1. So which trypsin sites (Lys or Arg not before Pro) in region 1-56 end up in coil per DSSP with only 10 or fewer other C-beta atoms within 10 Å?
2. Kindly state, to the nearest 0.05, the FRET efficiency for Asp123 paired with Asn79, given R0 = 41 Å and r defined as their beta-carbon distance.
3. Please give the Cα centre distance for region 30-105 versus region 8-23, rounded to the nearest Å.
4. Step through the table entries Lys88/Lys173; Lys54/Lys173; Lys89/Lys173; Lys77/Lys128, compare each Cα-Cα distance with 20 Å, and write down the pairs that go over it.
5. Loop-only GluC sites (Glu not before Pro) in region 1-60, please: DSSP not H, G, I, E or B, and at most 15 other Cβ atoms within 10 Å.
6. How would you order 65-76, 83-94 from highest to lowest mean count of nearby Cβ atoms within 10 Å?
7. Quick one: putting +1 on the C-beta of Lys and Arg, -1 on the C-beta of Asp and Glu, what dipole do you get for the chain around its Cα centre, in Debye to the nearest 20?
8. Considering Cα pairs under 8 angstrom that are at least six residues apart, work out the relative contact order of region 5-175 and quote it in whole percent.
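Please treat every number below as a calculation from the coordinates, not as lab data. It should be emphasised that the depicted structure is a prediction, and the values quoted were computed from it without experimental measurement. Note that each Cβ is placed from the backbone with ideal geometry, even for glycine, and that neighbours are counted across all protein chains shown.
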Amino acid sequence: MEKHTVIGDRIDFNKDVETTFSMSFLPLDIFDNWDRVSSISDFVAEYFGTYYNKITASNIISTIFNELVENAVKFTKNNSQPIHIVVKKSNNSFLSRITNTIPNHSKDTFISICRDLFSSNLDELFVKKIEAGAMDNKKSGIGLILLKKDYQVDTSFDFFEDNKFNKVAVTIKLTI
């Protein structure tokens, strides 16, 4: 029986879409050259940032997108399973969905981290993670906390099984 868990903000990923960009790559490609994450993030930021009137839009998009891609690469289960990225512009919103495989043994921990994002005071949660020595970038969730806290990014986590792999689709909506 397939177990499906959705945590987070309600994001309509298909509403009023004006343009879409998608790509897939293997995590191994990034591990061979970590600078590719910055290249991908900067490309997406430059491409989509021009749609918005804010001078800082490209920088904000690059920062947020970089965090999400790095997380997908670092926490993927199977380096030979592709990471799928879909980016959209909808009215005054930047939308992104990044899907990757996740290890069975870390799925419940990640679900718990995601639930904390929506049930805790983010400032207190951030301090708690820092004080607990959560600078271990394999477990902390600090990057996700900062995206919600500092950039007010709507975020949704969709956990599901696809062809016997556990996957997570992280969807964000940034209103610019």
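1. In loop regions of region 1-56 (DSSP not H, G, I, E or B), the sparsely surrounded trypsin sites (Lys or Arg not before Pro) are Lys3, Arg10.
2. The value I calculate is 0.70.
3. Between the Cα centres of region 30-105 and region 8-23 lies a distance of 14 Å.
4. Where the Cα-Cα span goes over 20 Å, the pairs concerned are Lys77/Lys128.
5. Glu2
6. Ranked from most to least packed, the peptides come out as 65-76, 83-94.
7. 280 debye
8. 30 percent
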